[in-house]
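Since every read-out is calculated from the coordinates, none of them should be taken as a lab result. Keep in mind that this is a model prediction, so the values were computed, not measured. In this analysis, Cβ positions are derived from the backbone assuming ideal geometry, glycine residues included, and neighbour counts consider all displayed protein chains.
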Amino acid sequence: MTDNVVVIGGGLAGTEAAWQLAQRGFQVRLYEMRPTKTTGAHVSNRLGELVCSNSFGSKLPDRASGLLKNELDLLKSLLLDVAERAALPAGGALAVDRELFAEYVTDAVGTHPNISVIREEMTNIPSSPTIIASGPLTSEALAADIARLTGQKYLYFYDALAPIVSADTIDMNIAFRASRYGRGDEEAGDYINCPMNKDEYDAFVAAVLASEQTELREFEREDPRFFEGCLPIEQIAARGHESLAYGPMRPVGLRDPRTDRRPYAVVQLRQDNLAGSLYNLVGFQTNIKWGQQESVLRMIPGLANAEFVRMGQMHRNTFINAPTLLHPTMQFRTRPDLFFGGQITGVEGYMGNVATGLVAGLNMARFLENKPLLAMPPTSMLGALCHYVTHADPDDFQPMKANFGIMPELAAQQKDKRLRYTAYAERGLGDMRAYITELYDPFLALELTR
């Protein structure tokens, strides 16, 4: 068999897959169409560029995202290591300087002796061993070829980007630094919080609902679908007046130092770059027209005179019907030398993209070595995620993030949620460690001895 593998897509999944293959001695041709062809969401030519949030989710061991990180640490993930090196203060979350993160990824992958980065659009699926990790913004030409291969109609949802502001333009006489329940740096606080009283909240919700949204293109209007984990604020507000206060504007775990009371609602801002000069509005994805959007956002206490470096926007994301097309190994069902990884498979969240890219790369290497492919333990978060996206109801398939709800039930159920989550995490990490130990894979065994 050939030692050459094509990986399509220089995002999180593609770079992780390429790295896993290259580290095992395979020659990889990594195709990234930028800058020859742009996506409308990316702003640079770097590999691994983050276009939505700058957070990789919780790093706490008893959280779903934290468990997935610990499993990827065992599996020697490049991008997890890079994220930790580019980390910013974010309480219990792993947030990164997005420019530094992309710079590290580009350098690590671009200088690897076994990886050739080719800056061209791949318009057709090669006949040679291939991993498709082209992401949610797959080009029309490649999408058409994938549709030809699958013989099925594509599914899609909409993803929205949160606004970013300059930190020195936030009014800190109103806003205050704190993390929920005092997590993170207790003195400085890892988040900037803009508190609202009930009147301010009521006026803000009314303005959001009255705002004009950017019109979708004709083909997008036919069947608009929104991913539940990344809803724009106007969609949340439309569900009920208090929806935002129980969603991205929930005030739990915070006290306004001006009143020593919990605010009625709060908008949190998270550091977006290492210098601390930029902050993004957490959970504030929106598709409100830019002129009106700025006026609405200035109603947030502390942001009346803020400089908005990036306004919110929404773009179409594409993914395949994985339950009918993929095995849990990320292998295509009707073509053994074809694998998929990342958001195009229907996983959601940065770490989910990294994780499925890693699985695709690892299993492609094993396929080329004539070894059995790996389906991760279903009790692990990675195994549960891969199992879900390949076994969900294909008629109502929606993207899925890492969460404990997709894992097999515990033998002895815990009523206390925190104890239950801890038990899930301990079982998952233990089963993943045992699974890796049994593989006798020298590459992974090195990780177990760190």
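Straightening the chain between R148 and N4 buys 49.4 nm, computed as 0.36 nm per residue apart minus the Cα-Cα spacing. Give the calculated FRET efficiency between D171 and Q213 to the nearest 0.05, with a Förster radius of 41 Å applied to their Cβ-Cβ distance. FRET efficiency, D171 to Q213: 0.90.
Taking only the C-alpha atoms, wrap a convex hull around the chain and report its volume per residue in Å³ as a whole number. It would help to have the intermediate numbers written out before the result.
Details: hull volume 66.7 nm³, N = 450.
Given the Cα convex hull of the chain, per-residue volume reads 148 Å³.
Between N54 and residues 5 or more places away or on another chain, which pairs have amide H atoms under 5 Å apart, with H built 1.01 Å from N, and which residues are they? Those lying under 5 Å, H to H, from N54: there are none. Specify the residue with the greatest mean-square fluctuation among L410, L281, L269, computed from a Gaussian network of the chain linking alpha-carbon atoms under 10 Å apart. Comparing L410, L281, L269 in the GNM, the peak value goes to L410.
Using the Cα gyration tensor of region 349-441, with a ≥ b ≥ c the square roots of its eigenvalues, what is the shape: rounded (a/c below 1.5), prolate (a/b larger than b/c) or oblate (neither)? It is oblate, given that a/c is not under 1.5 and a/b is not larger than b/c. The angle between the Cα long axis of helix 140-150 and the main principal axis of the chain comes to about 50°, on a 0 to 90 degree scale. Annotation: lysines with alpha-carbon distance below 25 angstrom to K37 (same-chain offsets under eight excluded): K153. Taking the DSSP beta bridges with both ends in the chain, the antiparallel portion is around 65 percent. Of V28, V96, V51, which has the largest mean-square fluctuation in a 10 Å C-alpha GNM of the chain? Result: V51 has the largest fluctuation of those listed. Taking other C-beta atoms within 10 Å as the exposure proxy, T38, T169, T15, T379 rank T38, T169, T379, T15 from fewest upward. The distance linking region 329-349 with region 245-284 is 37 Å (Cα centroid to Cα centroid, whole angstrom). From least to most packed, judged by other beta carbons within 10 angstrom and beginning with the fewest, Y421, Y279 follow the order Y421, Y279. Hey, what number do you get for the chain at 222 nm if only DSSP H runs of n ≥ 4 count, each worth -39500 (n - 2.57), divided across all residues, to the nearest 500? Estimated from H runs of four or more residues: -10000 deg cm²/dmol. Shape analysis of region 160-316 yields a ratio of the Cα radius of gyration to the Kirkwood radius, Rg/Rh, of 0.97. Among Q27, Q268, Q413, whose mean-square fluctuation peaks in a Gaussian network model of the chain (Cα, cutoff 10 Å)? With Cα springs under 10 Å in the chain, the top fluctuation among Q27, Q268, Q413 is at Q413. Over region 268-346, how many percent of alpha carbon pairs lie in each 10 Å bin up to the one with the longest distance? Binned Cα distances yield the sequence 15, 31, 18, 20, 14, 2. A crude spin-label estimate for the pair R261 and A238, with each label 7 Å from Cα along the Cβ direction, gives 3.4 nm. The ranking of E16, E242 from fewest to most other beta carbons within 10 Å of each one's beta carbon is E242, E16.
Taking R0 as 30 Å, what FRET efficiency do you get between S128 and E307 from their Cβ-Cβ distance, rounded to the nearest 0.05? For R0 = 30 Å, the calculated efficiency reads 0.05. Close amide H partners of V5, meaning residues 5 or more places away or on another chain with modelled amide H under 5 Å apart, are Q27, V28, R29. Note the angle between two axes, namely the Cα long axis of helix 12-23 and the longest principal axis of the Cα atoms of the chain, as a number of degrees from 0 to 90, rounded to the nearest 10. Orientation of helix 12-23: about 40 degrees from the principal axis. Compared with the dominant principal axis of the Cα atoms in the chain, helix 417-439 is inclined by about 20°. When the label point is put 7 Å from the Cα of Q27 along its Cα-to-beta-carbon vector, which residues of region 121-144 have a backbone N closer than 13 Å? Within reach of a label on Q27, which here means backbone N under 13 Å from a point 7 Å along Cα→Cβ, region 121-144 contributes nothing.
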